[in-house]
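Take a look at the structure below.
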Amino acid sequence: MDKGRRNFFRLFAAGSLGAGLSPVMAANLANLTARQPTATNIADALKYPRNENSMPGRYPGRVVRIVDENSIAEDVIQEDAVYEMLEGGIKNLTEETDTSRAWRQFVSPGEVIGLKVNPIGGKLLSTSHALVKSVISQLEQSGIPKEKIVIFDRRMQQLLDAGFTPGNYPGITIWGTEHVDESGSYYDEKGKLYSLSRIDRDWHYWADCEMDYDDYMLPFMVNQGKYSYFTKIVTRQLDKIINLPIMKNAGASITLCLKNLGYGVITNTSRLHSTLWAETSAQVCAFPPVRDKVVLNIADGIRGCYDGGPGANPQFFTDYRMLLLGTDPVAVDTAGYDIIIGKRIEMGRQAGFADVGLRQMLLAEELGLGIADRERIDLRTAGR
Amino acid sequence: MRLSVAVLILCFFSWTLTAGDMPVPTREDMPGSDIVREEVFVGGALWGLINGGADLYYEYGFDRMALQEIEWQGEEFRLELYRMKSPGAAFGVFSVSVHGCEVGGPASTGDCLNRFQYQLYSGNYYLSLINYSGSDKARELSVDIGSIVASASGDIRVDLPGLFRQDMFKEIIDEIKMIRGILGLQNALPHLASLYEGLEDYTVWYIELEDTEGKTEILLTETGDYFDINASDRFELRLGKAGFTAGRKNNRILAVRSAAGREQDNEILRLIPAG
């Protein structure tokens with residue numbers, strides 16, 4: 001917008017027509033009633049006792065922001081640089097001098113470790129292979145063999161499209177709840193969705209809202225109704241989870257640690273978007289299979305976006321050239337929020353920080369999952 | 001730019017309706033090209049491709065989307081052509097998706113070109129064409145491909161509300177945004193989203209300008225048949241509380257918030273016809 005624009009309305013006043021508008025009448029402000037919140041079963045989640053691994057984990061409020069200007073060269077993400085960033089970040093977070101000892105604060109030999117990536121942006125803007133391969137390499141050095149590592153997400157096809165294939169990750173299990181076979185079908189020979197055998201009906205997120213899905217949508221939702229079931233990979237198969245989101249906006253909010261988990265481990269999610277977007281991101285993380293297994297969050301900010309998320313539009317890509325590490329997903333998200341929304345403001349995509357964008361973090365803080373209060377976040381910045 | 005290129009393209013290329021009768025380009029339209037992937041996503045299937053990103057399209061009214069991955073003259077493109085349920089829906093998605101147009105603009109030309117993306121709307125269609133290199137050549141080819149789509153879909157524009165067709169808006173009309181639900185608001189106008197909480201069936205037209213006296217926001221809300229008339233009062237109260245001065249005519253609520261204050265707002269409301 002041209003800041004020096006002449007007085008817009010006065011210039012045209014002479015030629016304008018009468019308004020024909022009725023003024024809005026003043027009324028009693030008491031009529032402004034708050035919308036009733038949609039009911040969920042979050043109270044059930046809070047009944048389960050916490051343990052030593054429960055969010056926010058070993059280091060509540062601590063976030064390591066590690067930056068390397070050399071992490072991208074000639075438009076290509078540099079795996080060697082990312083490896084070093086990860087190594088520096090994990091040591092800083094744990095205050096260990098030895099990389100393996102740092103990782104062993106979170107994982108142990110014999111455990112099955114899941115890497116929750118975000119492949120929605122396909123080959124353009126998903127969790128980078130440079131980061132995932134660096135994590136795998138450092139896990140192996142810390143005593144976790146490849147056969148105990150699983151890369152997972154809700155959607156198998158997106159994992160494959162983004163390059164999370166057995167060919168690229170030999171020896172690593174690639175697992176999608178919404179499984180698709182080699183012919184591209186989501187249904188087995190009996191006409192049953194593969195995904196139905198991959199969900200755990202003993203664990204559910206209930207919310208008092210529902211939506212009808214057509215035949216095209218059902219394979220991606222798995223079921224309809226008021227129940228969203230947790231995927232078996234988190235309830236039964238994994239011992240620990242390392243959360244690897246990518247730094248993206250979602251409108252005026254972000255899709256980072258909480259969102260990557262909240263919407264990535266349950267079925268029947270579309271019904272939740274319009275009225276329970278922030279609640280779902282926070283509340284699903286409060287259920288024990290997530291709360292007690294996610295021991296580390298590493299937000300991939302080597303290349304992210306500030307608009308167009310969670311999709312991938314190159315015009316909005318930006319090279320943040322950083323990783324954010326923490327055991328506390330709420331603190332990592334709050335730090336990431338300031339960076340991503342700050343970029344949106346800098347680029348003119350929104351006027352200022354809007355409270356609505358922080359809601360998922362504030363709700364998660366209320367649930368004891370971490371710290372959203374910036375005054376209490378220990379943000380450590382390192383790098384070159 | 002768009003029309004002249006479209007005429008040129010029609011002279012040299014043919015086009016056919018493919019991909020489920022979607023006006024996508026064919027190999028014949030792009031000599032020497034290779035379409036390495038072509039899929040159509042109908043109804044809820046868009047969720048399978050872009051997850052929650054699909055909700056914005058559903059909110060406006062989505063029918064189907066054709067996806068192509070194209071290789072042409074050494075450049076790679078990702079074409080997404082959305083068929084929406086109305087021209088208004090196509091324009092709305094377009095208006096909140098464009099930013100920093102180097103060439104074109106939402107309302108004036110109906111297309112928008114920048115380094116990595118070419119976007120346009122025409123009739124019920126919204127096109128997003130991404131190129132991966134950002135080169136000049138890729139951008140030129142993007143416009144060629146877009147012109148094929150524009151021509152094949154009739155190059156039809158949407159009528160803006162009469163209010164915004166006045167000369168006074170001519171210079172700033174490319175800033176206009178059209179929104180039809182809370183997700184669109186949260187994406188494009190997050191600072192106004194709370195005004196519409198709990199409301200349904202409305203169309204929001206928004207434009208912001210800055211003159212010598214500061215920023216002015218103009219917000220036109222058109223309510224539909226299913227808009228809760230009782231909620232209307234509540235909405236107008238929220239407007240007032242947020243510093244807007246508002247007036248109503250039939251199903252239109254026009255609100256103004258200017259840096260100069262309510263006196264100026266009233267002056268502006270007097271100057272603008274609501275029609």
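The values are calculated or read from the model by the stated rules, or taken from the named source; none is laboratory data. Because the structure is a prediction, the values reported are computed rather than measured. Please note: Cβ atoms are built from the backbone with ideal geometry, for glycine as well, and neighbour counts cover all protein chains shown. We work out accessible area using only protein heavy atoms, side chains counted, and drop any ligands, DNA or RNA first. Shrake-Rupley method; radii C 1.70, N 1.55, O 1.52, S 1.80 Å.
Using 0.36 nm per residue, how much length does the chain from residue A:38 to residue A:67 gain when fully extended, once their Cα-Cα distance is taken away?
Working: separation 29, 0.36 × 29 = 10.44 nm, distance 4.05 nm.
The span from residue A:38 to residue A:67 would gain 6.4 nm if fully extended.
Can you give the average number of partner chain beta-carbon atoms within 10 Å of each beta-carbon in peptide A:340-352, as a whole number?
Details: counts 0, 1, 0, 0, 1, 0, 0, 2, 2, 5, 5, 6, 2.
What the average comes to for A:340-352 is 2.
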If one compares the long axis through the Cα atoms of helix A:129-141 with the longest principal axis of the Cα atoms of chain A, the angle in degrees, nearest 10, works out at 30 degrees
Taking Cα atoms of segment A:258-353, Rg/Rh with Kirkwood Rh, to two decimals? 0.98
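If you take the accessible area of A alone plus B alone and subtract the pair, what total do you get in square angstrom, rounded to 100, with a 1.4 Å probe?
Working: alone 17940 and 12730 Å², together 25440 Å².
The contact between B and A buries close to 5200 Å².
If we sort A:182-189, B:31-38, B:156-163 on the protection proxy, mean other Cβ atoms within 10 Å, highest first, what's the order? Show your work: numbers first, answer last.
Working: A:182-189: 10.5, B:31-38: 13.2, B:156-163: 14.9.
In descending order of packing, they fall as B:156-163, B:31-38, A:182-189.
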Rounded to the nearest Å, what's the spacing between the alpha carbon centres of segment A:67-111 and segment A:284-331? Just the number, please. 16 Å
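In Å³ and rounded to a whole number, note down the convex hull volume per residue for the Cα atoms of segment B:2-152. Could the numbers behind the result be given before it?
Values: hull volume 15.0 nm³, N = 151.
Residue-normalised Cα hull volume stands at 100 Å³.
Report, as an integer, the average count of C-beta atoms from other chains found within 10 Å of each Cβ along A:211-218.
Details: counts 2, 1, 3, 4, 4, 9, 9, 3.
Rounded to a whole number, the mean comes out at 4.
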What distance in nm lies between label points placed 7 Å from Cα along the C-beta direction at residue B:76 and residue A:200? 3.8 nm
Mean Kyte-Doolittle hydropathy of -1.0 or higher plus an axial Cα length of 18 Å or more: which whole DSSP H helices in chain B meet both? B:136-152, B:229-241
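How many percent of the accessible area of the protein assembly as shown is carbon or sulfur, using a 1.4 Å probe? Numbers along the way, then the final one.
Working: 12130 of 25440 Å².
For the protein assembly as shown, the apolar C and S fraction of the accessible surface comes to 48 percent.
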Given bins 10 angstrom wide, list per bin the percent of all Cα-Cα distances in segment B:162-271, short to long. 14, 50, 33, 4, 0
For residue A:154, what residues show an amide H to amide H distance below 5 Å, using hydrogens built from the backbone and excluding near sequence neighbours? A:177
Whole-number D in µm²/s for chain B (Stokes-Einstein; Kirkwood sum over Cα pairs; 10 °C, 1.306 mPa s): 80 µm²/s
From the cross-link list A:248/B:170; B:137/B:215; A:116/A:190, which pairs have alpha carbons spaced over 32 Å apart? A:248/B:170; B:137/B:215
Which whole-number value in Å³ per residue fits the convex hull of the alpha carbons of the protein assembly as shown? 163 Å³
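Can you give the average number of partner chain beta-carbon atoms within 10 Å of each beta-carbon in peptide B:209-221, as a whole number?
Neighbouring Cβ atoms belonging to other protein chains average 3 per residue here.
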Karplus-derived HN-Hα couplings along segment B:181-195 (A = 6.51, B = -1.76, C = 1.60, θ = phi - 60°), whole Hz, x at Gly and Pro: x, 5, 5, x, 5, 5, 6, 9, 9, x, 6, 10, 4, 5, 4
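Considering the convex hull of the alpha carbon atoms of chain A, report its projected area averaged over all viewing directions, in nm², one decimal.
Working: hull surface 99.8 nm².
Computed as one quarter of the Cα hull surface, the answer is 24.9 nm².
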Between residue A:50 and residue B:215, how many nm apart are label points set 7 Å from Cα along the C-beta direction? 3.9 nm
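Rounded if a/c is under 1.5, else prolate if a/b is larger than b/c, else oblate: which is segment A:315-384, with a ≥ b ≥ c the root eigenvalues of its Cα gyration tensor? Mind showing how you got there, number by number?
Working: a/c = 2.29, a/b = 1.25, b/c = 1.84.
Verdict is oblate for segment A:315-384.
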Selection from B:68, B:95, B:41, by position along the positive dipole direction of segment B:2-152 (Cβ): B:95
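Report the calculated FRET efficiency for residue A:214 and residue A:98 (r = Cβ-Cβ distance, R0 = 45 Å), to the nearest 0.05. Intermediate values should be presented prior to the final figure.
On the way: r = 54 Å, r/R0 = 1.20.
Here the calculated transfer efficiency is 0.25.
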Please work out the C-alpha center-to-center distance from segment B:113-153 to segment A:225-280 and express it in whole Å. 33 Å
Given points 7 Å out from each Cα along the Cα-Cβ axis, report the residue B:38 to residue B:165 separation in nanometres with one decimal. 3.8 nm
Send over a whole-number figure in Å² for the accessible area per residue of segment B:192-275, probe 1.4 Å. 42 Å²
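Rounded to the nearest 500, what is the 222 nm mean residue ellipticity of chain B from helices alone, with -39500 (n - 2.57) per DSSP H run of 4+ residues and division by all residues?
-8500 deg cm²/dmol
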Along segment A:254-263, Karplus-curve 3J(HN,Hα) (6.51, -1.76, 1.60; θ = phi - 60°) to the nearest Hz, with x for Gly and Pro, reads 10, 10, 9, 4, 5, 5, 4, 7, x, 9
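Give the accessible surface of chain A per residue, rounded to a whole number of Å², with probe radius 1.4 Å and ligands, DNA and RNA excluded.
Details: 15280 Å² over 384 residues.
Value returned for chain A: 40 Å² of accessible area per residue.
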³J(HN,Hα) across segment A:79-96 via Karplus (A = 6.51, B = -1.76, C = 1.60, θ = phi - 60°), whole Hz, x for Gly/Pro? 5, 4, 5, 5, 4, 5, 4, 4, 4, x, x, 5, 5, 4, 4, 8, 6, 9
When the accessible area of each residue in segment B:181-206 is compared between its chain alone and the complete protein assembly (1.4 Å probe; ligands, DNA and RNA ignored), which residues differ by at least 30 Å², being lower in the assembly? B:183, B:186, B:187, B:190, B:197
Under a 5 Å amide H to amide H cut-off, with H placed in plane at 1.01 Å, what residues pair with residue A:255 once short-range neighbours are removed? A:248, A:249, A:250
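Sorted by average packing, counted as other Cβ atoms within 10 angstrom per residue and highest first, what order do A:347-353, B:216-222 take? Provide the component values of the computation, followed by the final result.
Numbers: A:347-353: 15.6, B:216-222: 21.6.
Top to bottom by mean Cβ count within 10 Å: B:216-222, A:347-353.
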